[in-house]
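Trainee: First the structure, then my questions, so here it is.
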Amino acid sequence: MADLPPLSTQNTRGSVSSVPMHEVDPSPVDDDGPEGPEYGTNPADIDASKLPASSHTTTNWLGLTPARTLHILSAVQKYSVVPFSAYLTMHYTNTALVPLFTRSAREADKYLLLTRPYYQSFPLEPLLIFVPVVTHVASGIALRLYRRRITARRHGAETLSQRRKMRSKIPWPKFSWTSAAGYALYPMFVAHVLSMRIIPKKIDGSSASVGLRYFAHGIAQDPYVGMAGYTLFVCVASYHVVSGAAKFLRLSAEYIIGGGDEGQRRRKWRGRIVNGVAAALASAWIAGGLGVVGTSGRGTGWEASHWDKIYRAMPVIGRLF
């Protein structure tokens, strides 16, 4: 039998690490880059292998595992836009395409007033517009918070007190351009609803007097501010809608499979196509909404006086009237 080497009498405990554990920055078991793991946009794209093991075993107060909760929130955010897309199609037709064809704000207003009662009546208005939009935004915020919580668990922060201590070291989920446009769009959407629906209804009891000529009257009061604000609103909305629809239909660049120069080239061209469609949508909206309606001028007579009264009741914008 071969002789075994003699045991060392040197104390090796200090050689394990000279740095106390509390000085070591927390890091996940798997390296996902500085901004955390990737999460799919569609519910079916969620990679269960990228979730911590506790996401499949632990349950919350609803009896759902974190993996299941993430899947449900993604599905709610994705499919909540389906009812709103029906309304948006009608609204885009009335405010962009019809003015382009009629070349008259007064004539286009007739089509708007004919179709508007269908989606401004109860219960269609809340079901087509308000509930879907609020659900879409709320589920998006909940997804960001929940994904960060999962990332915190990957760093070893299981409890609320641990997450608070490691708050500055736990990365937030990455912002896509589509998400960023959506968050920027929401306050503009709220302002649009206030000026076109809520405040007129508060003053008149309905928004029957609000149409394309009412919009033109507001633009004419300060064309530079009005046109700049409307252009920004339309561009952000067009990009968010088109890029979001591309993700919804799995047509965006992230769904192109393939590596190397060929895959990179295809993804680049797919991104250009999506951006081109968004630009075309925004251009038609600006041409119809501003080129035709926005340049039709102020109202006259009692209509103009009444519209001024409505605009004066609006926060910030009312100072212009």
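The values are calculated or read from the model by the stated rules, or taken from the named source; none is laboratory data. Remember, predicted model here, so these are calculated numbers, not experimental data. FYI the Cβ positions are ideal-geometry reconstructions off the backbone, even for glycines, and counts take in every protein chain you see. These area figures cover heavy atoms from the full protein model, side chains too; ligands, DNA and RNA do not enter into them. Shrake-Rupley method; radii C 1.70, N 1.55, O 1.52, S 1.80 Å.
Trainee: Write out, first by first residue and then by second, each pair whose Cβ atoms fall under 8 Å of each other, whose residues are 6+ apart or on separate chains, and whose first residue, in the stretch 102-117, is assigned to a helix (DSSP H, G or I) while the second is among the basic types (Lys, Arg).
Mentor: Close Cβ pairs satisfying both conditions: Ala105/Arg213; Arg106/Arg213; Asp109/Arg213.
Trainee: Out of (1) under 22 Å from the mean Cα position of the chain (by Cα); (2) touching a residue at least 12 places away in the same chain (Cβ under 8 Å), what's the single condition that is false for Pro66?
Mentor: All conditions are met except number (1).
Trainee: Residues in the stretch 95-109 that are open to solvent by 50 Å² or more (accessible area, probe 1.4 Å) and within 13 Å of Gly211 (Cβ to Cβ): how many?
Mentor: Of the residues in the stretch 95-109, 2 are open to solvent by 50 Å² or more (accessible area, probe 1.4 Å) and within 13 Å of Gly211 (Cβ to Cβ).
Trainee: Within the stretch 174-224, work out how many residues are over 14 Å from the mean Cα position of the chain (by Cα) and not basic (Lys, Arg).
Mentor: Final tally of qualifying residues: 30.
Trainee: Here's another thing I want to ask about it. Can you go through Glu262, Glu254 and tell me which one is over 30 Å from Thr102 (Cβ atoms), outside the structural domain of Leu112 (by the TED database) and in contact (Cβ under 8 Å) with a residue 60 or more places away in the chain?
Mentor: From the options Glu262, Glu254, the qualifying one is Glu254.
Trainee: Based on this model, can you work out whether Thr151 counts as more than 22 Å from Trp285 (Cα to Cα), open to solvent by less than 40 Å² (accessible area, probe 1.4 Å), part of a helix (DSSP H, G or I) and not aromatic (Phe, Trp, Tyr)?
Mentor: yes
Trainee: Quick check on the stretch 131-160: of everything there that is in contact with a Ser or Thr (Cβ under 7 Å, 6 or more places away or on another chain) and over 14 Å from Tyr186 (Cα atoms), which residue is modelled with the highest pLDDT?
Mentor: Leu143
Trainee: Outside any helix (DSSP H, G or I) and not assigned by the TED database to the domain that holds Ala246, is that true of Phe84?
Mentor: No.
Trainee: Going by the structure shown, is Ser252 at pLDDT 95 or above and within 23 Å of Phe84 (Cβ to Cβ)?
Mentor: When the stated conditions are applied, Ser252 does not pass them.
Trainee: Need at least 1 residues that are closer than 22 Å to Asn94 by Cα and open to solvent by 60 Å² or more (accessible area, probe 1.4 Å) per element, so show me which helices (runs of 4 or more DSSP H) inside the stretch 205-321 make the cut, counting only ones lying wholly within it.
Mentor: 223-248, 260-286
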